[in-house]
Structure formats: C-alpha cells, structure tokens
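Beneath this line is the structure, given in structure tokens, with notes to follow.
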Amino acid sequence: MSIDNTNVDLKAVTELPTETGHFGPYGGRFVSETLMAALDDLTELYERLSKDPAFQAEYDKDLAHYVGRPSPLYFAERLTEKAGGAKIYLKREDLNHTGAHKVNNTIGQALLAKYTGKPKVIAETGAGQHGVATATVAARLGLQCTVFMGKTDVERQKLNVYRMRLLGAEVVPVTSGTATLKDAMNEAMRHWVTNVDDTFYIIGTAAGPHPYPKLVRDFQSIIGRETKRQSMELEGRLPDAVVACVGGGSNAIGMFYPFIEDEAVAMYGVEAGGHGLDGDDHAAPLCKGKPGVLHGNRTYLMEDENGQIMGTHSVSAGLDYPGVGPEHAYLKDIGRVNYVAATDDEALEAFHTLTEIEGIMPALESSHAVAYGMKLAAGMDKDQIVVINLSGRGDKDIHTVASLDGIEI
Amino acid sequence: MNRVDQCFADLKAAGKKALIPYITGGDPKPNLTVELMHTLVESGADIIELGVPFSDPMADGPTIQLACERALAHNTSLKDILGMVKEFRETNTKTPVVLMGYLNPVEVMGYETFANLAKASGLDGVLVVDMPPEESQELAGYLKENDLKMIFLMAPTTPDARAKTICEHGSGYLYYVSVKGVTGSAALDVADVKANLDRIREKTDLPLGVGFGIKDGQTAAAVAKVSDAVIVGSALVRCIEENENAPEVIKQKLSSLMKEMREAMDA
Ligand SMILES: Cc1ncc(COP(=O)(O)O)c(C=O)c1O
C-alpha cells in the first residue's frame, strides 16, 4: 500500500483530501452506517461555512480576542546556546487561553456546532487539554458538554479533570480496553451513535472519519501560517526546519500544512518513543506501525499480526494513542515529513531543561518536540533556524513529573 | 446457489421468517464455538452470524465488548474463526454462516487472502460493520469472485439516496439497525421499524433483516411480522457471559432462548 514518492506534486498534496476524504490510500470514512448521514451533513456544512466570510470573521475574532492570537514566535536564546547549533524559536501555543493549541480547533468546531443548532457537544480526551478546551468553549456558548476520558488518564491528569468539572462539563471515565485515549474515542463514538440527533462530536485531533482530519487541520493551520509570517518579520526568511510532537497529529499538521510547498523547509514529526522503539512500550505508529483501519480512517497503527490494536505507552497522556491522522500517514509515504521519536526520558529531560533555562514549562507532549528539536539544532549551522511548536504548557503535568522525581505534592 | 439465497428461498416457500443468532467466535473459549453453533442450529437458527473479535468494537455495547475481550484473552484470530467455520462445515453443509466484525483484521490479512480462505472454509457472507459501501469496492470484488455475499447495514438515519446506493451494493440480505445506538441498546419501536422497512422495500428485492433490541419471543415475533429475518445478538451473548465456566448451562440457555423466539415467530 505504499506510494511512489518520486516527483510528487506538492501543490496537489495541499489540495487533499479528495472529496471522499482520502489522502492517497489513507483517510476515508470507516464508521457504522448510523453515523454516515451525520458525517455527510457535517461535510456539507463545513464546505459551505469555510467559504463564508462571515464564519471566517467570527472565527478570526474569537482567536484574536478569546484565545489571544497571534501567539508569539519566541527566540529561545539560552536554549539555542545550550543546544549549540541552529537558532531555536518556539511557537508559543502554550500561551493560548486554556494552555494549548487544542483551543484553535474547539473554537472552530463549536462554531460549527452552533450553526447545526445541536445543544450538546461531546469530546474524547487524553491529557485533558482537548477536554478542557471543549468544556471552555461549551461554557462560553452555553452548550451541554460531556467528555470521555480513559480511567488511566483520569488518574494521571487529575488537575484537568477538575478543571473540566469546574467548567460545567461531565467527565465520564472509560474503563473498557486499555482505559486510555483510544478507548475514550471508542466510547465517544458509541455515545454519538446513540445521540446523533442532538449531539455534535468535537474530535480533538486530526484523525477520525472524513471530514474531521480536514477540518481539524484547517482550524489548526493558523499555527503554521502565523509562524511563516513571524519568521519573515523576525528573520526575513522561512525557517530551515520545523518540529512538532505527534499524538493524533493536530498541532503537527497545523504547523506543517502551510509549509508543504516550501520544499526548503525540513519537517520533523516527533512521536512518543516511550521506553524505546526497540520494544513495544511506545506510541509511535508512524515510526514502527503498519497501515490499518481504526476510528473511522485508514492510517498507520500500532497493531499485532492479527489486526488487533496494541496497547501503547507514553509518559504523556496526549501522545498515548495507537493511531495517527491520515494526512501524516500520507506525508510520511511521500517523504515530505520525517517522522522520528523521543523517549520518555528524553522528553522529561527537555521538560526540565526548558523550565530551568528559559522559564517556560512545556507540556510533556510538547517536551518530545523540544527534545528532538534540540538534537536537530545541535547538528545544524549557527545561522540556520529551527522552529519548535510548543503545543502546550506543563502545569497539568506537574503531578506526573513530581511523582517521577519521587516527590509527593 | 449460495446458501444464503437458498435459505431465504426455502423459508419463503415455507412461509417462514429467518432467525439469525449472533455469537462472538472464541467466546467464552475457542474450542466451544463450533459446539455452540450446532446448538444454535438445533434450536432453530436459519443463518449464523459469527462475530470476529476486535480490540476496539466501536459499534458494540458493553455485552459484546466483553465477549470480544473474552475471545481475545484466548488470542482468537480471524484465521481461527475461519477454522471454526471449516470445522462446522464438516457436519453441517446447509446452514449459512456470515462473519460479522470490523475491518482491521480483514485489512491486515489482505482482502484477497481473506476472500479465498473464507471460501475454502465454507463461509457464505461477510458483514463489516465499519465499512460502508463507499469504501468497499475492492473487498467487494474479491468476495464476488468467491461467491460470498456482502451484507450492509441500514440505519434509521440513512437518507433515501444512500439507502438506494446500499441496496445496489448489498447482496444476501440487508441488515436494518432498528435503533440509533450500539448493540444491546434499549427497546425498539416496531411501528417505526415497519415504516423504515417499507421505505427500503421500494428499492430492493433483497430480504430485510432487523437487529438491535430483539431479546425474547415477544420482540422476535413482533419484528418477524414486518421483516424477513430477525437478528439476535446481545441477548444470546449474555447467556454466555453469565455462565462463562459452565458450557452445559450455556447450551441450555442458548437453546431455550432460541426455541422461545422460534416458536413465537412461527406461531
Ligand atoms: C499540549 C499537547 N500537545 C500535543 C498533544 C497531542 O495531540 P496532537 O498530536 O493532536 O497535537 C496534546 C494532546 O492532548 C496536548 O495536550
């Protein structure tokens, strides 16, 4: 199922997905029949609204005044010194309202929900950032919100669970399967099938059945578009490389998509290497998985030889997912993006480093990008530029880090 | 003639409706599945839907999720399930068997390999829950080459235009999902089901089966009046769940529930 990656027309790549939601062999719509009509309706609504200047204006206004965009592109001088190579810039998605890139997407989808007139929204969440972002916009728009979260994650992201409850959302712990993000997504889908008439499903990453990968990418692309503009303003040129962590792939595709045609810009997606890619304790489907079908799309998966989905491991709940958005699967096959991994230990070290020398505490997810970005910068020239997408802030992870350091708070 | 077509032709001649039980292959133990299939036939099954366990059964409620987990605890694979069909065929060459499951195990085995192996095992049809007609073209080709039916779902939410497409792509029978929800959902509304089936019948001559929400003689009989086939899953799987370690009790319970439904439908 691999793709011929010679002579790829990159402009054509940016025009994907096809009308049926395909990126080459990836993507598509693999759900049970009950949901097909709702997905058709959503596709139609989005096609219409994405061309509607009034909708765009409303979205842009919310990003400016509610989220606080544009987020800065910050030159991390001491991190640059420490890495000892290319100049490192951080795209500060951690400074968004609610503390991560997730809100760019939830603002957009909640606006869509408003146009459908459905009074209820649901979401799945791993680290809780998407759940918090959904609960936040639901509170603002007066929508009833239910968030599905694996029981394992409910325990390791307690702070976010309480935040969601304060915001008025119901958090449903999911105990089936491995009780992590993939199971939360299964449960959200089950709830949606049952309540499709009055419920809008706000998917938190660039995966799922068409049109979700496309619309999440479009809403997150503000990250890459701003980065391009800011890099021109600050440096008079585009970066040599951009780096982002990849869970389901929403912050990464948001950074990458606007750069696809800029061939001189190298792109690195950093997956969760867990305890190392040699064993099974990681969450790196692009580095180590195979194509398959899960959660409504064909993509790379962590699966066994019988097609069962494997349990994953990562120190960061937001990357602990056996699949990945279908556009990344395609960008991997055509060779436009390099997919690599950082281990738990490397991410934790980067977490401490960035906190200590820049006063910026990154989310453990984002710490994977920081770890790889520093390594990458170290091997580059001093006049080159690397942008690392700092997808979120680390407050939510303080408990995890403390307990790994043997400290009880 | 494919066994599914033959089965519906025979039933029609006899003025009867099909009773189609579902169990998950490998639940509670792989070496019990073939015996349970025979039990189902002896107690009134016309067609058997055999579930292929999957780690992430997105369209199933808790009962069938747990059945999948029990089967997967024994590493029951798609290949194992086809082996069970083959063994079943050694002593039963008449009752059609349809696999029901999710796409990924089939995808990983490879469509062509799967279709060939399925045919060689004596399988008659396939229902892939998460594969709508739009995505099924390639698999459909291989199934057709092997005279295997491709059964599709229809839902209360399916608009007319889609229903038409599904009718054109489907073969064997159509599976109408009676309620918006997952397997094992609450009660169905027979009047509502009838209205939807009437709408579908205008578009196809395929037999129409109804599943989701059928749990006893009464619901089976009510649905049999408006459809061509009654599909029962969670209620049977619950008999297995509650008697996981007592195979004889499982057989008794399956048998008595099946007979209750059969009698009510035929009355
Ligand atoms: C801060 C942060 N970064 C990254 C991710 C991973 O998601 P994605 O790959 O969709 O960006 C998460 C998910 O929870 C997150 O909270």
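The values are calculated or read from the model by the stated rules, or taken from the named source; none is laboratory data. If you're wondering where the values come from, they're calculated on a predicted model, not measured in any experiment. Because the Cβ atoms are built from the backbone with ideal geometry, glycine has one as well, and the counts that use them run over all protein chains shown. Remember, those area values only see protein heavy atoms, side chains included, never the ligands or the DNA or RNA. Shrake-Rupley method; radii C 1.70, N 1.55, O 1.52, S 1.80 Å.
Suppose all protein chains stay in the model; what accessible area per residue would a 1.4 Å probe give for the range B:3-266, in Å²?
Dividing the accessible area of the range B:3-266 by its residue count gives 37 Å².
Do you know the relative contact order of the range A:35-182, to the nearest whole percent, from alpha carbon pairs under 8 angstrom that are 6+ apart? Mind dumping the intermediate values first?
On the way: 192 pairs, mean separation 23.5, N = 148.
The normalised contact order for the range A:35-182 reaches 16 percent.
Evaluate the charge dipole of chain B about its Cα centre and quote only its size in Debye, nearest 20, assuming +1 on the Cβ of each Lys and Arg and -1 on the Cβ of each Asp and Glu.
On the way: 27 positive and 38 negative charges, 108 e Å.
So the dipole magnitude of chain B works out to roughly 520 debye.
Net charge near A:Ala127, counting Lys/Arg +1 and Asp/Glu -1 over other residues with Cβ under 11 Å of its Cβ?
-1
Using a cut-off of 22 Å between alpha-carbon atoms, which lysines can reach B:Lys86, once sequence neighbours fewer than 8 places away in the same chain are excluded?
B:Lys29, B:Lys94, B:Lys119, B:Lys144, B:Lys149, B:Lys251
Indicate the residues belonging to the range A:21-35 that lose 10 Å² or more of solvent-accessible heavy-atom surface (probe 1.4 Å) upon moving from the chain alone to the assembly of all protein chains, ignoring ligands and nucleic acids.
Relative to the lone chain, where solvent access is computed with a 1.4 Å probe, the range A:21-35 loses at least 10 Å² at A:His22, A:Arg29, A:Phe30, A:Val31, A:Ser32, A:Glu33, A:Thr34.
Work through the residues other than A:Arg393 whose Cβ is under 15 Å from its Cβ and net out their charges, Lys, Arg +1 and Asp, Glu -1.
-1
Using θ = phi - 60° and the Karplus form 6.51 cos²θ - 1.76 cosθ + 1.60, what ³J(HN,Hα) does each residue of the range A:54-60 get, whole Hz, x for Gly and Pro?
Result, ordered by residue: 5, 5, 4, 5, 5, 4, 4 Hz.
Measuring from centroid to centroid over Cα atoms, what is the spacing of the range A:51-70 and the range B:189-204 in Å?
Using only Cα atoms to place each centre, the spacing works out to 45 Å.
HN-Hα J couplings of the range A:171-183 from phi, Karplus 6.51/-1.76/1.60, θ = phi - 60°, integer Hz, Gly and Pro as x?
Along the range A:171-183, the couplings run 9, 9, x, 9, 9, 6, x, 8, 6, 10, 4, 5, 6 Hz.
Classify chain A as rounded, prolate or oblate, taking a ≥ b ≥ c as the square roots of the eigenvalues of its Cα gyration tensor: rounded when a/c is under 1.5, otherwise prolate if a/b is larger than b/c and oblate if not.
Rounded shape, in that the Cα axes give a/c under 1.5.
Would you mind pulling out the separation of the Cα centroids of the range A:29-45 and the range A:95-112, in Å?
The two parts, judged by their Cα centres, are 23 Å apart.
Amide H to amide H, which residues 5 or more places from B:Ser43 or on other chains are under 5 Å from it, using H placed in the peptide plane?
none
Mind listing, in residue-number order, the residues in the range B:54-94 that have at least 40 Å² less accessible area with every protein chain present than in their own chain alone (1.4 Å probe)?
SASA drop of 40 Å² or more in the range B:54-94: B:Ser55, B:Asp56, B:Met58, B:Gln65.
Report, in whole Å, the centroid distance computed from the Cα atoms of the range B:34-68 and the range A:211-244.
Using only Cα atoms, the two centres lie 49 Å from each other.
Shape verdict for chain B, please, from the Cα gyration tensor: rounded (a/c under 1.5), prolate (a/b greater than b/c) or oblate.
Taking the square roots of the gyration eigenvalues as a ≥ b ≥ c, chain B is rounded.
Heads up, I need the accessible area for A:Glu187: 1.4 angstrom probe, whole protein in place, Å², nearest 10.
A:Glu187 exposes around 50 Å² with every protein chain in place.
So, in nm, how far is label B:Ala191 from label B:Asp266 when the simple model puts each one 7 Å beyond its Cα toward the Cβ?
Between B:Ala191 and B:Asp266, the simple spin-label model gives 3.2 nm.
With a cut-off of 8 Å between alpha carbons and a minimum separation of six or more residues, what is the relative contact order of chain A in percent?
21 percent
Provide the buried accessible surface between chains B and A in square angstrom, both chains summed, 1.4 Å probe, rounded to the nearest 100.
By this definition, chains B and A bury close to 2800 Å².
What does the charge count near A:Phe219 come to, summing +1 for each Lys or Arg and -1 for each Asp or Glu among other residues with Cβ under 14 Å from its Cβ?
Numbers: positive: A:Arg69, A:Lys102, A:Lys214, A:Arg217, A:Arg225; negative: A:Glu58, A:Asp60, A:Asp62, A:Glu93, A:Asp218, A:Glu226, A:Glu327.
Net charge around A:Phe219: -2.
Considering chain A as a Gaussian network with a 10 Å cut-off on Cα pairs, which listed residue, A:Tyr330, A:Tyr268, A:Tyr162, attains the greatest mean-square fluctuation?
Looking only at A:Tyr330, A:Tyr268, A:Tyr162, the biggest GNM fluctuation is shown by A:Tyr162.
For the range B:3-266, what relative contact order do you get, as a whole percent, if you take Cα pairs closer than 8 Å and at least 6 residues apart?
With pairs under 8 Å counted, the relative contact order is 22 percent.
Excluding residues fewer than 8 places away in the same chain, name every one of the lysines whose C-alpha is closer than 17 Å to that of A:Lys396.
Candidates past the 8-residue exclusion: A:Lys102, A:Lys151, A:Lys158.
For the full complex of protein chains and a 1.4 angstrom probe, list A:Ser176, B:Ser136 by accessible area with the highest value first.
A:Ser176, B:Ser136
Please arrange A:Leu181, A:Leu95, A:Leu364 by accessible surface area, largest first, computed with a 1.4 Å probe and ligands excluded. Walk me through the numbers on the way to the answer.
Details: A:Leu181 25, A:Leu95 95, A:Leu364 0 Å².
So the residues, ranked largest to smallest area, are A:Leu95, A:Leu181, A:Leu364.
Taking amide H atoms as placed 1.01 Å from N in the peptide plane, list the residues 5 or more away in sequence, or in a different chain, whose amide H sits under 5 Å from that of B:Ala155.
B:Val177
Once you sort the root eigenvalues of the Cα gyration tensor of the range A:1-137 as a ≥ b ≥ c, which label holds: rounded (a/c under 1.5), prolate (a/b larger than b/c) or oblate (the other case)?
Note, shape of the range A:1-137 comes out oblate.
Just which residues of the range A:174-220 lose 50 Å² or more accessible area with every protein chain there, against their chain alone, with the probe set to 1.4 Å?
Checking the loss per residue gives A:Arg190.
Where both residues lie in chain A, what percent of DSSP beta bridges are antiparallel, nearest 5?
Beta bridges within chain A, antiparallel portion: roughly 30 percent.
Sort A:Thr180, A:Thr343 by accessible area with a 1.4 Å probe, largest first.
These residues rank, largest area first, as A:Thr343, A:Thr180.
With only Lys, Arg, Asp and Glu charged, each at its Cβ (+1 for the first two, -1 for the last two), find how big the charge dipole of the protein assembly as shown is about the Cα centre; round to the nearest 20 debye.
1200 debye
Run the accessible area of the protein assembly as shown with a 1.4 Å probe and give the carbon-and-sulfur part as a rounded percent.
Exposed carbon and sulfur together represent 49 percent of the surface.
What ³J(HN,Hα) values, in whole Hz, does the Karplus curve 6.51 cos²θ - 1.76 cosθ + 1.60 give for the range B:91-100 when θ = phi - 60°, with x put for Gly and Pro?
Each residue's phi maps through the Karplus curve to give 10, 9, 9, 9, 6, x, 10, 10, 7, 10 Hz.
As a quick test, which of the pairs A:Lys11/A:Lys332; A:Lys120/B:Lys194; A:Lys11/A:Lys228; B:Lys12/B:Lys164; A:Lys51/A:Lys332; B:Lys79/B:Lys253 have an alpha carbon distance above 19 angstrom in this structure? Numbers along the way, then the final one.
Numbers: A:Lys11/A:Lys332 16 Å; A:Lys120/B:Lys194 30 Å; A:Lys11/A:Lys228 17 Å; B:Lys12/B:Lys164 24 Å; A:Lys51/A:Lys332 29 Å; B:Lys79/B:Lys253 28 Å.
Flagged as over cut-off: A:Lys120/B:Lys194; B:Lys12/B:Lys164; A:Lys51/A:Lys332; B:Lys79/B:Lys253.
Would you please give the residues with an amide H less than 5 Å from that of A:Phe30, counting only those at least 5 places away or on a separate chain, with H modeled from the backbone geometry?
Counting only residues 5 or more places away or on other chains, the set is A:His210, A:Gly296, A:Asn297.
Using helices alone, what [θ] at 222 nm do you get for the protein assembly as shown, with -39,500 (n - 2.57) per DSSP H run of 4 or more residues, divided over all residues and rounded to the nearest 500?
-14000 deg cm²/dmol
Any idea of B:Thr39's accessible area? Nearest 10 Å², probe 1.4 Å.
20 Å²
How much accessible surface does B:Cys167 have with a 1.4 Å probe, in Å² rounded to 10?
10 Å²
Can you give the accessible area per residue of the range A:25-108, in Å², using a 1.4 Å probe?
Here the per-residue accessible area is 37 Å².
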